[in-house]
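One structure below.
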Amino acid sequence: MSWTSHTFAGMADDLALLLRRAGFGPTAAELAAAKKAGYEATVAALTAPTAPDVGASLAPVPVLGPDPFAGLSNPTAAQRAKAGEQRWEQTKRITQWWLDRLTVADHQTREKLWFFWHGHWATSVRKVMRPQLMLLQHRNLRSSLDFAVMAHKMITDPALVFWLDGESNTRTAPNENLGRELMELFMLGIGRYSERDVKAAGRALTGWRIDYDGARSYFNPAWHDNGAKTILGETKNFDAHSLVDFLLKQDRCAAFIAERLWFRYASSTDPIPKSTRDAMVAVFPNSMSMLRKLFEDEAFRASGGRLVKQPTEWFVGAMRHLGLRPGELSDEMSTYVLNGLERLGQLPFAPPSVEGWPAGVEWLTVGAAQARLNFAGRIAQLVPAQRLTPEDVAHVLTIETWTNRTYSVLKATTDPQRLLTIGLASPEYLVT
């Protein structure tokens, strides 16, 4: 790719990369403040904020009320349809709320990290159905930056238990789904266990049930396999929490989490350098401390151009750069946003599988490019008309430089909405 000399003042490459990766898109003012503070001070402020998150308080957690199906006994078709519509409205509320919070929060690095964990412990409302359980899981993810604490909460989280068929996992009919994914996708990685380990882990996780009306999980000893299980060479009477403790002690666990953070924050194509991984492992299980070690590493600072923004990251960044809020959009536009994110393949609370969302070039299909261009056009229409130049668009979107190709297209139009649309859909905005 041939880069031009259309570079704009105030764009410190390392700081721009840091702020783009650590959050959902820095404003020009945030980038200027970071440049004044310097790289090390900015990393410290991002990973250990001291001031309260005033911005996030503008988007309080919604109160959903009970599940619309609660208390319905032998409902009619009309009652089922009405309750289903109410569930969908509740799901829309929590999705719109989360998009709004991601946009207005001051502690962008924390919000980005919690979004990462949502994709890591991927659970979809499409199967869970109950937004109350999804919101509870969201609170569980936010409850601690310590991966050990989070893992203990998630192993009995009712949404995850339901999503991976844990409720049907009993001593007489053990189900392996949750045990397999706990090791493969959540704590150790592919190929770090045997099928015998999976079967034994399934037995360890038996006995957990869900109180749907109360939106909670509970342990029923009568359903639990209380016998000895051998997992990764150790034999004991494992249950859910002793299994999590055991997996946390495996050397592979800390390394796996470091690799996942590298994959989502640094490069989806290049492997993590050993020295980088070792530095992150040394501060496990505090995930924010692991991020700080990553951001301070030279390998991270050299990773520019190796990540493609996920659709939610792209949308929230556009909202932040243009001074817009998802929570203040019209009902029509809010619906368009949710549909648009679904077309792009990433609707919060609805990952496609337990593996979460894809990364890298998988977001760069022809269909996605057209959908993103249309989406960008609708977003640009929300901005009051004003005179803009390609340089103005670069400043607003905190883009350091245009390619010759993009710059020539921008110079060929004077329509401000068209300029913003091109900027939002450009490779320079999409690839970080």
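The values are calculated or read from the model by the stated rules, or taken from the named source; none is laboratory data. On a predicted model such as this, the values are computed, not experimentally measured, just so you know. Reconstructed Cβ throughout: ideal geometry from the backbone, glycine too, with neighbour counts over all protein chains shown. We work out accessible area using only protein heavy atoms, side chains counted, and drop any ligands, DNA or RNA first. Shrake-Rupley method; radii C 1.70, N 1.55, O 1.52, S 1.80 Å.
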Part-to-part distance (alpha-carbon centres) for segment 85-128 and segment 202-248, which is given in Å: 28 Å
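Count charges around Glu89 for me, please; just the other residues with Cβ under 14 Å from its Cβ, Lys/Arg as +1, Asp/Glu as -1.
Numbers: positive: Lys82, Arg87, Lys92, Arg93, Arg130; negative: Asp67, Glu85, Asp331.
Around Glu89, the surrounding residues sum to +2.
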Theoretical gain in end-to-end length, Lys127 to Lys199 [0.36 nm per residue, Cα-Cα removed]: 23.5 nm
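Averaged per residue, what accessible surface does segment 47-153 expose to a 1.4 Å probe, in Å²? Show your work: numbers first, answer last.
Values: 4520 Å² over 107 residues.
That works out to 42 Å² per residue.
What pairs from Lys199/Lys249; Lys153/Lys229; Lys199/Lys229; Lys35/Lys112; Lys127/Lys309 go past 18 Å between their alpha carbons? Let's see the in-between values first.
Values: Lys199/Lys249 20 Å; Lys153/Lys229 22 Å; Lys199/Lys229 9 Å; Lys35/Lys112 21 Å; Lys127/Lys309 26 Å.
Among Lys199/Lys249; Lys153/Lys229; Lys199/Lys229; Lys35/Lys112; Lys127/Lys309, the Cα-Cα distance tops 18 Å for Lys199/Lys249; Lys153/Lys229; Lys35/Lys112; Lys127/Lys309.
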Alpha carbon convex hull of segment 337-408, volume per residue in cubic angstrom: 136 Å³
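Tell me, what is the per residue accessible area of segment 346-421 in Å², probe radius 1.4 Å? Provide the component values of the computation, followed by the final result.
Working: 3660 Å² over 76 residues.
Ligands and nucleic acids excluded, the figure is 48 Å² per residue.
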Rounded accessible area per residue of segment 229-320, 1.4 Å, Å²: 38 Å²
Shape call, segment 236-304: gyration tensor on alpha carbons, a/c limit 1.5: prolate
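For the chain, just say rounded, prolate or oblate: build the C-alpha gyration tensor, square-root its eigenvalues into a ≥ b ≥ c, call rounded for a/c under 1.5, and beyond that prolate if a/b exceeds b/c, oblate if not.
On the way: a/c = 2.25, a/b = 1.44, b/c = 1.56.
Judged from the Cα gyration tensor, the chain comes out oblate (a/c at least 1.5, b/c at or above a/b).
If the chain between Glu89 and Ala33 were fully stretched, how many nm would it gain, using 0.36 nm times the residue separation less the Cα-Cα distance? All intermediate terms of the calculation are to be shown ahead of the outcome.
Details: separation 56, 0.36 × 56 = 20.16 nm, distance 3.97 nm.
Taking Glu89 through Ala33 to full extension adds about 16.2 nm, to one decimal.
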Rough spin-label spacing in nm, given labels placed 7 Å along Cα→Cβ, for Ser143 and Thr269: 4.0 nm
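I'd like the FRET efficiency for Asn404 and Ala78, computed as 1/(1 + (r/R0)^6) with the beta carbon distance as r and R0 of 56 Å, rounded to 0.05. Before the final figure, lay out the partial values.
Working: r = 61 Å, r/R0 = 1.09.
Taking R0 as 56 Å, the efficiency between Asn404 and Ala78 is 0.40.
What is the extension gain from Glu391 to Phe219, computed as 0.36 nm multiplied by their sequence separation minus the C-alpha to C-alpha distance, in nm to one decimal? Show your work: numbers first, answer last.
Values: separation 172, 0.36 × 172 = 61.92 nm, distance 6.01 nm.
55.9 nm is the gain from fully extending Glu391 to Phe219.
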For segment 353-432: relative contact order, % (alpha-carbon pairs under 8 angstrom, 6 or more apart): 38 percent
Acute angle (nearest 10 degrees) that the helix 287-296 long axis makes with the longest principal axis of the chain, alpha-carbon atoms: 30 degrees
Relative contact order (percent, whole number), the chain, Cα cutoff 8 Å, 6+ residue spacing: 21 percent
Segment 197-352 shape via C-alpha gyration tensor axes, a/c threshold 1.5: oblate
Carbon plus sulfur fraction of accessible area for the chain, probe 1.4 Å, in percent: 52 percent
